[in-house]
Amino acid sequence: MSDRADSSGRTGRLIDGCIDCVDQCGELLDGMPGEIFASCGNGNSSIGAHVRHIVDRYQCFFNGLGAGCIDYDDRKRGAGMETDARLAAGVLAKTRARFEALDPGICGAGISVRELVHYNGEPTVAASTLDRELMGLITHSIHHLAIIAMIARSASFSVPPNLGKAPSTIAAE
């Protein structure tokens, strides 16, 4: 456990969970051929698109800290990171550093969250906490890591056995 833990250890686990997801993305990219990273294969999206999407959500979180409202629709959707694994690795390293520098003292704080939840309407704004948003980032990332693992395996690229597995699944095995 990190030294970021509060008295219950919750804050450290949440930050460490986000760092673990970033690390899983980075480890996967290490040695991955660019054509596998950028190819859509048999599906509609590439590994690069999923990595970019994970990072976009993290960036929305960090941008929202200063604004007092996390806007998950304010994503960059940068195509460069979807096709360039080295660029993605650099952004992942910066994202990891931001989590490492995150002040655990803010994690219990309340924050507003804004997101379009139905294509026909206005974005919804809801009250949340930074703890809850960190937990949401972890589960969202794991979901996309599972999709990334399927895409990589379909391209005959070897992936770590726990990539995209929920922590509860790993603990139960």
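Quick one: would you say Ser128 is surrounded by 13 or more Cβ atoms within 10 Å (Cβ to Cβ), assigned to a strand (DSSP E or B) and among the small types (Gly, Ala, Ser)? Spelling it out, Ser128 is indeed surrounded by 13 or more Cβ atoms within 10 Å (Cβ to Cβ), assigned to a strand (DSSP E or B) and among the small types (Gly, Ala, Ser).
With Pro123, Pro104 as the choices, which residue is under 18 Å from Thr11 (Cα atoms) and in contact (Cβ under 8 Å) with a residue 12 or more places away in the chain? Don't jump to the end; show me each part of the working.
Values: Pro123 fails: under 18 Å from Thr11 (Cα atoms).
The conditions single out Pro104.
Within region 143-171, the set of residues being touching a Ser or Thr at 6+ places or on another chain (Cβ under 9 Å), within 18 Å of Ser39 (Cβ to Cβ) and either free of Cβ contacts under 8 Å to residues at least 40 places away in the same chain or in a loop (DSSP other than H, G, I, E, B) (or both) comprises Ala155 only. Looking at region 24-99, the helices (runs of 4 or more DSSP H) lying wholly inside it that each contain 1 or more residues that are free of Cβ contacts under 8 Å to residues at least 12 places away in the same chain and closer than 21 Å to Ile138 by Cβ sit at 47-67. Please determine whether any residue of region 105-125 is closer than 17 Å to Leu29 by Cα, of a type in the set (Ser, Thr, Tyr) and out of contact with any Asp or Glu (no Cβ under 7 Å at 6 or more places or on another chain). No: zero hits.
Here the condition is being farther than 16 Å from Ala152 by Cβ and out of contact with any helix residue (DSSP H, G or I) (no Cβ under 7 Å at 6 or more places or on another chain); of Asp30, Asp73, it holds for Asp73 alone.
When you look at Phe62, is it aromatic (Phe, Trp, Tyr) and surrounded by fewer than 20 Cβ atoms within 10 Å (Cβ to Cβ), yes or no? Spelling it out, Phe62 is indeed aromatic (Phe, Trp, Tyr) and surrounded by fewer than 20 Cβ atoms within 10 Å (Cβ to Cβ).
We did not get these values from a lab; they are worked out from the coordinates using the rules stated. Note that this is a predicted model, so its numbers are computed, not measured. Every residue, glycine as well, gets a Cβ built from its backbone with ideal geometry; the counts of neighbours run over all protein chains shown.
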